[in-house]
1. Only sites in a loop by DSSP and with at most 14 other Cβ atoms within 10 Å count here; which trypsin sites (Lys or Arg not before Pro) in the range 323-411 make the cut?
2. I want the local charge near residue 162. Using Cβ-Cβ distances under 15 Å, sum +1 for each Lys or Arg and -1 for each Asp or Glu among the other residues.
3. Is the shape of the range 5-82 best called rounded, prolate or oblate, per the rule: a/c under 1.5 gives rounded, else a/b larger than b/c gives prolate, else oblate, with a ≥ b ≥ c the square roots of the Cα gyration tensor eigenvalues?
4. Which value, in Å³ per residue, describes the convex hull spanned by the Cα atoms of the range 1-157?
5. Given a Förster distance of 22 angstrom, what is the FRET efficiency for residue 423 paired with residue 375, based on the Cβ-Cβ distance and rounded to 0.05?
6. If you take the Cα Rg of the range 219-276 and divide it by 2.2 N^0.38 Å, with N the number of residues, what do you get?
7. Which of the GluC sites (Glu not before Pro) across the range 369-425 are loop residues per DSSP, with 13 or fewer other Cβ within 10 Å?
8. Across the Cα atoms of the range 71-173, what radius of gyration and what greatest pairwise Cα-Cα distance (Dmax) are found, in Å?
Amino acid sequence: MSAHFLGHVIDGSETESADGRRFTTVDPWTREPWAEVALGGRAEAEQAVAAARRAFDEGPWPRMGAARRGRLLHRLADLIEERAEELARADTTDMGKPISQTRGKDVPRTAENFRFFADHARLAESEALPSDTGHHVYTRHEPAGVVAAIAPWNFPLMMASWKVAPALAWGNTVVLKPAEQSPASASLLARLALEAGIPAGVLNVVHGYGADGVGQILTEHPDIDRITFTGESNTGRAISAAAAGNLTPVSLELGGKGANLVFADADLDSAVEWSIKAIFTNAGQVCLAGSRIYVERPVYEEFIERFGKAADALRIGAPGDPHTEISPLSSEEHYAKVRDYVALAERGEGRIVTGGLGEGWTVRPTIVVDVPETSRLLTEEIFGPVVVVTPFDSEKEAVDRANDTPFGLNAMVFTENLHRAHRVSALLDVGTVWVNCFFVRDLRSPFGGVGDSGVGREGGSYSREFFTEPKAVVMRIDGDPVSGA
Ligand code: NAD
(Lines give C-alpha, C1' and ligand atoms only; values in the text may rest on other atoms or scores of the structure.)
Protein backbone atom coordinates (compact mmCIF):
# COMPACT_ATOMS: atom_id res chain seq x y z
CA MET A 1 0.00 0.00 0.00
CA SER A 2 1.42 3.41 -0.98
CA ALA A 3 1.71 6.08 1.66
CA HIS A 4 -0.23 8.66 -0.35
CA PHE A 5 -3.81 8.76 -1.55
CA LEU A 6 -5.21 11.18 -4.11
CA GLY A 7 -8.96 11.58 -4.36
CA HIS A 8 -11.21 13.31 -6.86
CA VAL A 9 -12.22 16.82 -5.89
CA ILE A 10 -15.91 17.15 -6.70
CA ASP A 11 -18.20 19.91 -5.47
CA GLY A 12 -15.65 20.99 -2.88
CA SER A 13 -14.99 17.57 -1.35
CA GLU A 14 -12.16 15.13 -1.83
CA THR A 15 -13.68 11.74 -2.50
CA GLU A 16 -13.03 8.11 -3.33
CA SER A 17 -14.79 6.59 -6.34
CA ALA A 18 -18.26 5.22 -5.60
CA ASP A 19 -17.01 1.67 -6.24
CA GLY A 20 -13.76 2.28 -4.30
CA ARG A 21 -11.56 1.49 -7.28
CA ARG A 22 -8.02 2.94 -7.35
CA PHE A 23 -4.96 2.92 -9.57
CA THR A 24 -1.34 3.59 -8.71
CA THR A 25 0.98 6.27 -10.00
CA VAL A 26 4.61 5.28 -10.42
CA ASP A 27 7.75 7.31 -9.66
CA PRO A 28 9.87 6.88 -12.85
CA TRP A 29 13.13 7.21 -10.90
CA THR A 30 12.47 4.47 -8.31
CA ARG A 31 10.12 2.66 -10.72
CA GLU A 32 7.87 1.99 -7.69
CA PRO A 33 4.28 3.11 -7.09
CA TRP A 34 4.29 6.20 -4.87
CA ALA A 35 0.59 7.03 -4.56
CA GLU A 36 -2.82 5.47 -4.94
CA VAL A 37 -5.37 7.41 -6.91
CA ALA A 38 -9.16 7.17 -7.03
CA LEU A 39 -10.11 5.64 -10.38
CA GLY A 40 -13.07 7.53 -11.73
CA GLY A 41 -15.72 6.16 -14.06
CA ARG A 42 -19.13 7.21 -15.28
CA ALA A 43 -20.50 7.93 -11.80
CA GLU A 44 -17.70 10.37 -10.95
CA ALA A 45 -17.79 12.05 -14.36
CA GLU A 46 -21.56 12.56 -13.97
CA GLN A 47 -21.16 13.93 -10.43
CA ALA A 48 -18.43 16.34 -11.48
CA VAL A 49 -20.34 17.62 -14.51
CA ALA A 50 -23.49 18.04 -12.38
CA ALA A 51 -21.53 19.95 -9.71
CA ALA A 52 -19.95 22.22 -12.33
CA ARG A 53 -23.35 22.77 -13.95
CA ARG A 54 -24.95 23.74 -10.62
CA ALA A 55 -22.07 26.08 -9.84
CA PHE A 56 -22.52 27.67 -13.25
CA ASP A 57 -26.33 27.89 -13.32
CA GLU A 58 -26.98 28.76 -9.68
CA GLY A 59 -23.70 29.84 -8.09
CA PRO A 60 -22.09 33.28 -7.93
CA TRP A 61 -19.03 32.52 -10.09
CA PRO A 62 -20.27 33.47 -13.58
CA ARG A 63 -22.12 36.51 -12.21
CA MET A 64 -19.63 38.05 -9.79
CA GLY A 65 -17.71 39.92 -12.49
CA ALA A 66 -14.13 39.67 -13.68
CA ALA A 67 -12.68 41.93 -10.98
CA ARG A 68 -13.96 39.84 -8.05
CA ARG A 69 -13.08 36.59 -9.81
CA GLY A 70 -9.67 38.06 -10.54
CA ARG A 71 -9.02 38.75 -6.85
CA LEU A 72 -9.73 35.10 -6.05
CA LEU A 73 -7.53 33.89 -8.91
CA HIS A 74 -4.69 36.12 -7.67
CA ARG A 75 -5.20 34.61 -4.21
CA LEU A 76 -4.90 31.17 -5.82
CA ALA A 77 -1.66 32.30 -7.52
CA ASP A 78 -0.37 33.46 -4.09
CA LEU A 79 -1.13 30.03 -2.64
CA ILE A 80 0.57 28.31 -5.59
CA GLU A 81 3.68 30.37 -4.84
CA GLU A 82 3.45 29.62 -1.10
CA ARG A 83 3.09 25.89 -1.76
CA ALA A 84 5.52 25.83 -4.68
CA GLU A 85 7.75 23.14 -3.24
CA GLU A 86 4.89 20.69 -2.68
CA LEU A 87 3.57 21.27 -6.19
CA ALA A 88 7.03 20.97 -7.76
CA ARG A 89 7.69 17.71 -5.92
CA ALA A 90 4.32 16.31 -6.98
CA ASP A 91 5.08 16.70 -10.71
CA THR A 92 8.72 15.63 -10.31
CA THR A 93 7.75 12.46 -8.45
CA ASP A 94 4.86 11.69 -10.78
CA MET A 95 6.60 12.02 -14.12
CA GLY A 96 10.31 12.24 -13.34
CA LYS A 97 11.17 15.70 -14.65
CA PRO A 98 14.09 17.49 -12.96
CA ILE A 99 13.14 19.47 -9.87
CA SER A 100 15.02 22.47 -11.29
CA GLN A 101 12.40 22.53 -14.07
CA THR A 102 9.30 22.15 -11.87
CA ARG A 103 10.64 24.55 -9.20
CA GLY A 104 12.21 27.06 -11.55
CA LYS A 105 9.77 27.08 -14.46
CA ASP A 106 6.57 25.03 -14.24
CA VAL A 107 5.24 26.24 -10.88
CA PRO A 108 6.13 29.94 -11.40
CA ARG A 109 4.55 29.80 -14.86
CA THR A 110 1.44 28.21 -13.38
CA ALA A 111 1.04 31.09 -10.93
CA GLU A 112 1.70 33.53 -13.76
CA ASN A 113 -1.01 31.91 -15.91
CA PHE A 114 -3.59 32.58 -13.18
CA ARG A 115 -2.38 36.16 -12.67
CA PHE A 116 -2.26 36.91 -16.39
CA PHE A 117 -5.74 35.62 -17.24
CA ALA A 118 -7.25 37.22 -14.11
CA ASP A 119 -5.94 40.60 -15.27
CA HIS A 120 -6.63 40.00 -18.93
CA ALA A 121 -10.32 39.33 -18.27
CA ARG A 122 -10.61 42.28 -15.89
CA LEU A 123 -9.01 44.73 -18.32
CA ALA A 124 -10.57 43.40 -21.52
CA GLU A 125 -12.43 45.79 -23.76
CA SER A 126 -15.34 44.95 -25.97
CA GLU A 127 -16.64 46.40 -29.20
CA ALA A 128 -19.11 49.25 -29.47
CA LEU A 129 -20.01 49.79 -33.13
CA PRO A 130 -20.83 53.31 -34.34
CA SER A 131 -24.23 53.20 -36.02
CA ASP A 132 -25.86 55.66 -38.42
CA THR A 133 -29.20 53.88 -38.24
CA GLY A 134 -30.28 54.99 -34.80
CA HIS A 135 -29.03 51.97 -32.90
CA HIS A 136 -26.46 51.30 -30.22
CA VAL A 137 -24.59 48.07 -31.07
CA TYR A 138 -22.14 46.42 -28.72
CA THR A 139 -20.63 43.01 -27.89
CA ARG A 140 -20.80 41.11 -24.63
CA HIS A 141 -18.66 38.05 -23.90
CA GLU A 142 -20.76 35.62 -21.88
CA PRO A 143 -19.09 32.67 -20.15
CA ALA A 144 -19.55 29.54 -22.25
CA GLY A 145 -20.62 27.21 -19.39
CA VAL A 146 -19.05 23.98 -18.19
CA VAL A 147 -15.57 23.30 -19.58
CA ALA A 148 -13.95 19.86 -19.78
CA ALA A 149 -10.17 20.34 -19.54
CA ILE A 150 -8.13 17.27 -20.47
CA ALA A 151 -4.43 17.59 -19.75
CA PRO A 152 -1.27 15.65 -20.72
CA TRP A 153 1.52 14.40 -18.45
CA ASN A 154 4.52 16.31 -19.77
CA PHE A 155 3.83 19.61 -17.94
CA PRO A 156 1.07 18.37 -15.64
CA LEU A 157 0.41 21.46 -13.54
CA MET A 158 1.43 24.08 -16.06
CA MET A 159 -0.69 22.65 -18.90
CA ALA A 160 -3.66 22.25 -16.56
CA SER A 161 -3.36 25.92 -15.55
CA TRP A 162 -3.10 27.00 -19.18
CA LYS A 163 -6.67 25.66 -19.56
CA VAL A 164 -8.16 26.23 -16.11
CA ALA A 165 -6.95 29.84 -15.67
CA PRO A 166 -8.62 31.41 -18.75
CA ALA A 167 -11.72 29.22 -18.36
CA LEU A 168 -12.23 30.41 -14.77
CA ALA A 169 -11.24 34.01 -15.45
CA TRP A 170 -14.00 34.25 -18.04
CA GLY A 171 -16.60 32.90 -15.60
CA ASN A 172 -16.86 29.25 -16.62
CA THR A 173 -16.81 26.25 -14.32
CA VAL A 174 -14.43 23.38 -15.00
CA VAL A 175 -14.03 19.63 -14.80
CA LEU A 176 -10.31 18.89 -15.07
CA LYS A 177 -9.07 15.43 -15.97
CA PRO A 178 -5.31 15.18 -15.52
CA ALA A 179 -3.30 12.49 -17.29
CA GLU A 180 -3.34 9.18 -15.43
CA GLN A 181 0.49 9.24 -15.34
CA SER A 182 0.59 12.56 -13.46
CA PRO A 183 -2.51 13.08 -11.30
CA ALA A 184 -1.01 14.53 -8.12
CA SER A 185 -0.65 18.25 -8.83
CA ALA A 186 -4.25 18.52 -10.11
CA SER A 187 -5.65 17.38 -6.76
CA LEU A 188 -3.39 19.87 -4.98
CA LEU A 189 -4.49 22.65 -7.33
CA ALA A 190 -8.18 21.96 -6.68
CA ARG A 191 -7.58 22.02 -2.90
CA LEU A 192 -5.73 25.34 -3.20
CA ALA A 193 -8.59 26.78 -5.27
CA LEU A 194 -11.00 26.00 -2.41
CA GLU A 195 -8.55 27.45 0.10
CA ALA A 196 -8.39 30.62 -2.01
CA GLY A 197 -12.15 31.01 -1.65
CA ILE A 198 -13.19 29.86 -5.12
CA PRO A 199 -16.65 28.36 -4.56
CA ALA A 200 -17.21 24.59 -4.43
CA GLY A 201 -18.08 23.08 -7.80
CA VAL A 202 -16.23 25.75 -9.80
CA LEU A 203 -13.08 23.64 -10.24
CA ASN A 204 -13.59 19.88 -10.06
CA VAL A 205 -10.94 17.23 -10.66
CA VAL A 206 -11.75 13.68 -11.75
CA HIS A 207 -9.00 11.09 -12.02
CA GLY A 208 -8.96 8.17 -14.41
CA TYR A 209 -8.15 6.97 -17.87
CA GLY A 210 -8.77 8.61 -21.23
CA ALA A 211 -10.13 6.22 -23.87
CA ASP A 212 -13.00 4.15 -22.42
CA GLY A 213 -12.66 6.12 -19.18
CA VAL A 214 -13.63 9.44 -17.64
CA GLY A 215 -11.81 11.33 -20.41
CA GLN A 216 -14.00 9.84 -23.11
CA ILE A 217 -17.15 10.14 -20.99
CA LEU A 218 -16.51 13.87 -20.54
CA THR A 219 -15.95 14.45 -24.26
CA GLU A 220 -19.23 12.70 -25.12
CA HIS A 221 -21.21 14.45 -22.39
CA PRO A 222 -24.11 16.62 -23.60
CA ASP A 223 -23.78 19.00 -20.64
CA ILE A 224 -20.21 20.02 -21.51
CA ASP A 225 -20.03 23.37 -23.35
CA ARG A 226 -16.33 23.46 -24.26
CA ILE A 227 -13.56 20.86 -24.50
CA THR A 228 -9.99 22.03 -24.21
CA PHE A 229 -7.50 19.24 -24.82
CA THR A 230 -3.73 18.92 -24.99
CA GLY A 231 -2.20 15.62 -26.00
CA GLU A 232 -1.42 13.36 -28.93
CA SER A 233 -2.76 14.02 -32.40
CA ASN A 234 -4.62 10.69 -32.58
CA THR A 235 -6.30 11.38 -29.24
CA GLY A 236 -7.27 14.78 -30.68
CA ARG A 237 -8.96 13.01 -33.58
CA ALA A 238 -10.94 10.75 -31.20
CA ILE A 239 -12.00 13.74 -29.08
CA SER A 240 -13.02 15.73 -32.12
CA ALA A 241 -15.22 12.85 -33.27
CA ALA A 242 -16.75 12.44 -29.79
CA ALA A 243 -17.44 16.19 -29.51
CA ALA A 244 -19.12 16.28 -32.91
CA GLY A 245 -22.08 14.31 -31.54
CA ASN A 246 -23.08 17.27 -29.34
CA LEU A 247 -21.54 19.96 -31.58
CA THR A 248 -19.31 20.87 -28.63
CA PRO A 249 -16.58 23.36 -29.59
CA VAL A 250 -13.08 21.95 -29.13
CA SER A 251 -9.64 23.48 -28.77
CA LEU A 252 -6.94 20.93 -29.56
CA GLU A 253 -3.24 21.43 -28.81
CA LEU A 254 -1.55 18.37 -30.26
CA GLY A 255 1.79 16.88 -31.17
CA GLY A 256 4.73 18.46 -32.95
CA LYS A 257 7.91 17.82 -34.90
CA GLY A 258 9.60 21.19 -34.60
CA ALA A 259 12.17 22.18 -37.20
CA ASN A 260 15.12 24.24 -36.18
CA LEU A 261 16.87 26.01 -39.09
CA VAL A 262 20.47 27.06 -38.48
CA PHE A 263 21.84 29.30 -41.24
CA ALA A 264 25.56 29.74 -41.85
CA ASP A 265 25.33 33.40 -40.77
CA ALA A 266 23.91 32.45 -37.33
CA ASP A 267 25.67 33.12 -34.05
CA LEU A 268 26.70 29.48 -33.69
CA ASP A 269 27.28 29.56 -29.92
CA SER A 270 23.79 30.87 -29.38
CA ALA A 271 22.28 28.45 -31.94
CA VAL A 272 23.91 25.49 -30.14
CA GLU A 273 22.76 26.69 -26.72
CA TRP A 274 19.13 27.15 -27.82
CA SER A 275 19.12 23.92 -29.82
CA ILE A 276 20.21 22.03 -26.71
CA LYS A 277 17.36 23.58 -24.70
CA ALA A 278 14.90 22.99 -27.52
CA ILE A 279 15.39 19.23 -27.68
CA PHE A 280 16.71 18.16 -24.28
CA THR A 281 14.56 20.18 -21.87
CA ASN A 282 12.24 17.76 -20.07
CA ALA A 283 14.12 14.92 -21.83
CA GLY A 284 12.50 15.94 -25.12
CA GLN A 285 9.00 15.31 -23.76
CA VAL A 286 7.87 18.67 -25.09
CA CYS A 287 5.36 19.20 -27.90
CA LEU A 288 7.51 22.15 -29.04
CA ALA A 289 10.77 20.17 -29.05
CA GLY A 290 13.18 21.08 -31.85
CA SER A 291 13.54 17.47 -32.91
CA ARG A 292 14.63 18.13 -36.51
CA ILE A 293 17.64 20.38 -36.90
CA TYR A 294 18.59 21.55 -40.39
CA VAL A 295 22.01 23.20 -40.66
CA GLU A 296 23.41 25.07 -43.66
CA ARG A 297 26.23 22.98 -45.09
CA PRO A 298 29.22 25.34 -44.52
CA VAL A 299 28.68 25.16 -40.72
CA TYR A 300 27.19 21.65 -40.53
CA GLU A 301 30.29 19.78 -39.30
CA GLU A 302 31.19 22.49 -36.81
CA PHE A 303 27.61 22.60 -35.50
CA ILE A 304 27.54 18.82 -35.00
CA GLU A 305 30.82 18.89 -33.11
CA ARG A 306 29.78 21.71 -30.76
CA PHE A 307 26.23 20.39 -30.36
CA GLY A 308 27.53 16.89 -29.54
CA LYS A 309 29.93 18.25 -26.89
CA ALA A 310 27.17 20.32 -25.28
CA ALA A 311 24.81 17.31 -25.28
CA ASP A 312 27.45 15.10 -23.64
CA ALA A 313 27.95 17.72 -20.92
CA LEU A 314 24.30 17.56 -19.76
CA ARG A 315 24.04 16.10 -16.26
CA ILE A 316 22.00 12.90 -16.12
CA GLY A 317 20.61 11.85 -12.76
CA ALA A 318 17.90 11.76 -10.15
CA PRO A 319 14.92 14.05 -10.79
CA GLY A 320 15.09 15.33 -7.21
CA ASP A 321 18.75 16.44 -7.50
CA PRO A 322 18.80 20.20 -8.26
CA HIS A 323 21.81 19.73 -10.59
CA THR A 324 20.12 17.13 -12.81
CA GLU A 325 19.36 18.19 -16.38
CA ILE A 326 18.26 14.86 -17.91
CA SER A 327 16.20 12.40 -15.89
CA PRO A 328 14.13 9.31 -16.73
CA LEU A 329 11.25 9.31 -19.16
CA SER A 330 7.79 9.53 -17.64
CA SER A 331 6.77 5.86 -17.65
CA GLU A 332 7.88 2.39 -18.67
CA GLU A 333 5.49 2.46 -21.62
CA HIS A 334 6.86 5.76 -22.87
CA TYR A 335 10.45 4.62 -22.34
CA ALA A 336 9.74 1.53 -24.47
CA LYS A 337 8.40 3.75 -27.26
CA VAL A 338 11.47 6.02 -27.29
CA ARG A 339 13.80 3.01 -27.00
CA ASP A 340 12.30 1.66 -30.24
CA TYR A 341 13.25 4.86 -32.07
CA VAL A 342 16.82 4.61 -30.74
CA ALA A 343 16.86 0.99 -31.97
CA LEU A 344 15.87 2.19 -35.47
CA ALA A 345 19.00 4.35 -35.56
CA GLU A 346 21.12 1.49 -34.16
CA ARG A 347 19.80 -0.81 -36.90
CA GLY A 348 21.11 1.57 -39.56
CA GLU A 349 18.45 4.25 -40.19
CA GLY A 350 21.12 6.85 -39.56
CA ARG A 351 24.30 7.13 -37.53
CA ILE A 352 24.31 7.90 -33.81
CA VAL A 353 26.85 10.65 -33.10
CA THR A 354 26.31 10.44 -29.37
CA GLY A 355 23.73 9.07 -26.94
CA GLY A 356 21.77 5.84 -26.61
CA LEU A 357 20.04 4.17 -23.71
CA GLY A 358 20.90 5.00 -20.10
CA GLU A 359 20.08 3.53 -16.69
CA GLY A 360 16.51 2.55 -15.82
CA TRP A 361 14.05 4.49 -17.97
CA THR A 362 16.62 7.12 -18.95
CA VAL A 363 17.61 7.82 -22.54
CA ARG A 364 20.84 9.81 -22.93
CA PRO A 365 20.81 12.90 -25.16
CA THR A 366 20.93 11.24 -28.56
CA ILE A 367 22.01 12.88 -31.83
CA VAL A 368 21.44 11.04 -35.10
CA VAL A 369 22.71 12.06 -38.55
CA ASP A 370 22.49 10.65 -42.11
CA VAL A 371 18.82 9.75 -41.63
CA PRO A 372 16.77 9.00 -44.78
CA GLU A 373 13.89 11.46 -45.32
CA THR A 374 11.31 8.69 -45.05
CA SER A 375 12.59 7.32 -41.74
CA ARG A 376 10.14 7.34 -38.83
CA LEU A 377 12.88 9.15 -36.93
CA LEU A 378 12.09 12.15 -39.13
CA THR A 379 8.40 11.69 -39.78
CA GLU A 380 7.01 10.79 -36.33
CA GLU A 381 6.95 12.60 -32.99
CA ILE A 382 9.44 10.72 -30.78
CA PHE A 383 8.78 12.77 -27.63
CA GLY A 384 12.15 11.91 -26.15
CA PRO A 385 15.75 13.22 -26.13
CA VAL A 386 16.45 12.10 -29.69
CA VAL A 387 17.24 14.61 -32.44
CA VAL A 388 18.02 14.26 -36.13
CA VAL A 389 20.47 16.73 -37.71
CA THR A 390 20.52 17.17 -41.51
CA PRO A 391 22.45 19.59 -43.78
CA PHE A 392 20.82 21.92 -46.34
CA ASP A 393 22.16 24.02 -49.22
CA SER A 394 19.66 26.86 -49.78
CA GLU A 395 17.01 28.91 -47.99
CA LYS A 396 14.32 27.31 -50.15
CA GLU A 397 15.49 23.82 -49.29
CA ALA A 398 15.49 24.69 -45.58
CA VAL A 399 11.91 25.96 -45.73
CA ASP A 400 10.72 23.00 -47.84
CA ARG A 401 12.26 20.50 -45.44
CA ALA A 402 10.85 22.28 -42.39
CA ASN A 403 7.36 22.22 -43.93
CA ASP A 404 7.64 18.59 -45.06
CA THR A 405 5.65 17.21 -42.12
CA PRO A 406 1.99 16.83 -41.20
CA PHE A 407 2.73 18.70 -37.95
CA GLY A 408 2.85 22.49 -37.70
CA LEU A 409 3.25 23.58 -34.11
CA ASN A 410 6.44 25.63 -34.15
CA ALA A 411 9.80 26.25 -35.79
CA MET A 412 13.03 28.07 -34.97
CA VAL A 413 15.24 30.16 -37.22
CA PHE A 414 18.82 31.02 -36.36
CA THR A 415 20.28 33.78 -38.52
CA GLU A 416 21.83 37.22 -38.10
CA ASN A 417 20.22 38.38 -41.37
CA LEU A 418 16.97 40.10 -40.46
CA HIS A 419 15.62 40.06 -44.01
CA ARG A 420 16.02 36.30 -44.05
CA ALA A 421 14.48 36.00 -40.58
CA HIS A 422 11.28 37.74 -41.75
CA ARG A 423 11.18 35.99 -45.13
CA VAL A 424 11.55 32.52 -43.65
CA SER A 425 9.17 33.18 -40.72
CA ALA A 426 6.45 34.09 -43.21
CA LEU A 427 6.92 30.85 -45.17
CA LEU A 428 6.91 28.37 -42.29
CA ASP A 429 3.57 26.53 -41.87
CA VAL A 430 3.43 26.65 -38.07
CA GLY A 431 1.65 28.36 -35.19
CA THR A 432 4.80 29.89 -33.65
CA VAL A 433 8.21 30.85 -35.07
CA TRP A 434 11.04 31.65 -32.69
CA VAL A 435 13.90 33.64 -34.20
CA ASN A 436 17.20 33.20 -32.35
CA CYS A 437 15.39 31.86 -29.26
CA PHE A 438 13.05 29.09 -28.05
CA PHE A 439 10.07 28.69 -25.70
CA VAL A 440 9.68 32.40 -25.07
CA ARG A 441 5.98 32.90 -24.38
CA ASP A 442 4.06 36.13 -24.40
CA LEU A 443 0.72 35.06 -22.96
CA ARG A 444 -1.10 37.63 -25.12
CA SER A 445 0.01 35.93 -28.34
CA PRO A 446 -1.82 33.07 -30.08
CA PHE A 447 -0.63 29.59 -29.16
CA GLY A 448 -1.54 26.48 -31.15
CA GLY A 449 -0.70 24.56 -34.26
CA VAL A 450 -1.70 23.86 -37.82
CA GLY A 451 -2.26 20.47 -39.48
CA ASP A 452 -1.81 17.52 -37.12
CA SER A 453 -0.64 19.92 -34.40
CA GLY A 454 -4.05 21.19 -33.53
CA VAL A 455 -7.23 23.13 -34.02
CA GLY A 456 -7.72 26.65 -32.68
CA ARG A 457 -5.54 28.98 -30.64
CA GLU A 458 -5.39 29.84 -26.97
CA GLY A 459 -3.68 32.76 -25.22
CA GLY A 460 -4.83 36.33 -24.58
CA SER A 461 -7.90 37.30 -26.57
CA TYR A 462 -7.78 33.93 -28.38
CA SER A 463 -8.66 32.27 -25.07
CA ARG A 464 -11.52 34.71 -24.63
CA GLU A 465 -12.88 33.76 -28.06
CA PHE A 466 -12.86 30.10 -27.08
CA PHE A 467 -14.11 30.29 -23.50
CA THR A 468 -16.92 32.79 -24.08
CA GLU A 469 -19.96 33.22 -26.29
CA PRO A 470 -19.77 36.63 -27.94
CA LYS A 471 -23.21 38.20 -28.00
CA ALA A 472 -24.31 41.19 -30.09
CA VAL A 473 -26.67 43.61 -28.31
CA VAL A 474 -28.56 45.97 -30.61
CA MET A 475 -30.57 48.78 -28.96
CA ARG A 476 -32.94 51.06 -30.78
CA ILE A 477 -32.50 54.76 -30.02
CA ASP A 478 -35.63 56.76 -30.81
CA GLY A 479 -35.62 60.38 -31.84
CA ASP A 480 -33.79 62.59 -34.32
CA PRO A 481 -30.18 63.28 -33.26
CA VAL A 482 -30.18 66.68 -35.06
CA SER A 483 -33.46 68.17 -33.82
CA GLY A 484 -33.58 66.13 -30.62
CA ALA A 485 -37.29 65.47 -31.34
P1 NAD B 1 -2.45 11.57 -24.67
O2 NAD B 1 -3.20 12.04 -25.87
O3 NAD B 1 -2.11 10.14 -24.56
O4 NAD B 1 -3.26 11.91 -23.33
C5 NAD B 1 -3.60 13.24 -22.99
C6 NAD B 1 -4.83 13.21 -22.12
O7 NAD B 1 -5.94 12.73 -22.87
C8 NAD B 1 -4.73 12.30 -20.89
O9 NAD B 1 -5.37 12.94 -19.81
C10 NAD B 1 -5.49 11.06 -21.34
O11 NAD B 1 -6.03 10.33 -20.27
C12 NAD B 1 -6.59 11.68 -22.18
N13 NAD B 1 -7.18 10.81 -23.20
C14 NAD B 1 -6.59 9.81 -23.89
N15 NAD B 1 -7.48 9.26 -24.77
C16 NAD B 1 -8.65 9.94 -24.61
C17 NAD B 1 -9.93 9.86 -25.23
N18 NAD B 1 -10.20 8.97 -26.20
N19 NAD B 1 -10.89 10.71 -24.82
C20 NAD B 1 -10.64 11.64 -23.87
N21 NAD B 1 -9.45 11.76 -23.24
C22 NAD B 1 -8.46 10.94 -23.62
O23 NAD B 1 -1.17 12.50 -24.59
P24 NAD B 1 0.03 12.41 -23.55
O25 NAD B 1 0.83 11.20 -23.88
O26 NAD B 1 -0.48 12.60 -22.15
O27 NAD B 1 0.86 13.73 -23.89
C28 NAD B 1 1.84 13.78 -24.85
C29 NAD B 1 1.31 14.39 -26.14
O30 NAD B 1 0.80 15.69 -25.86
C31 NAD B 1 2.38 14.59 -27.18
O32 NAD B 1 1.90 14.22 -28.44
C33 NAD B 1 2.64 16.08 -27.13
O34 NAD B 1 3.17 16.63 -28.31
C35 NAD B 1 1.29 16.61 -26.83
N36 NAD B 1 1.37 17.96 -26.25
C37 NAD B 1 0.95 19.02 -27.01
C38 NAD B 1 1.05 20.32 -26.50
C39 NAD B 1 0.59 21.50 -27.30
O40 NAD B 1 0.42 22.56 -26.72
N41 NAD B 1 0.40 21.38 -28.60
C42 NAD B 1 1.56 20.52 -25.21
C43 NAD B 1 1.97 19.42 -24.46
C44 NAD B 1 1.85 18.13 -25.00
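1. Answer by residue number: 347.
2. +4
3. Working: a/c = 4.01, a/b = 1.46, b/c = 2.74.
It is oblate, given that a/c is not under 1.5 and a/b is not larger than b/c.
4. On the way: hull volume 23.9 nm³, N = 157.
It comes to 152 Å³ per residue, whole-number rounded.
5. Values: r = 29 Å, r/R0 = 1.32.
Efficiency, from the Cβ-Cβ distance: 0.15.
6. Values: Rg = 18.8 Å, N = 58, 2.2 N^0.38 = 10.3 Å.
Relative to the rule-of-thumb radius for its length, the range 219-276 sits at 1.82.
7. 373, 416
8. Values for the range 71-173 (Cα only, Rg and Dmax): 17.9, 63 Å.
The values are calculated or read from the model by the stated rules, or taken from the named source; none is laboratory data. The shown structure was predicted, so the numbers you read here are calculated from the model rather than taken from an experiment. FYI the Cβ positions are ideal-geometry reconstructions off the backbone, even for glycines, and counts take in every protein chain you see. All accessible areas refer to the heavy atoms of the entire protein, side chains included, with ligands and DNA or RNA removed. Shrake-Rupley method; radii C 1.70, N 1.55, O 1.52, S 1.80 Å.
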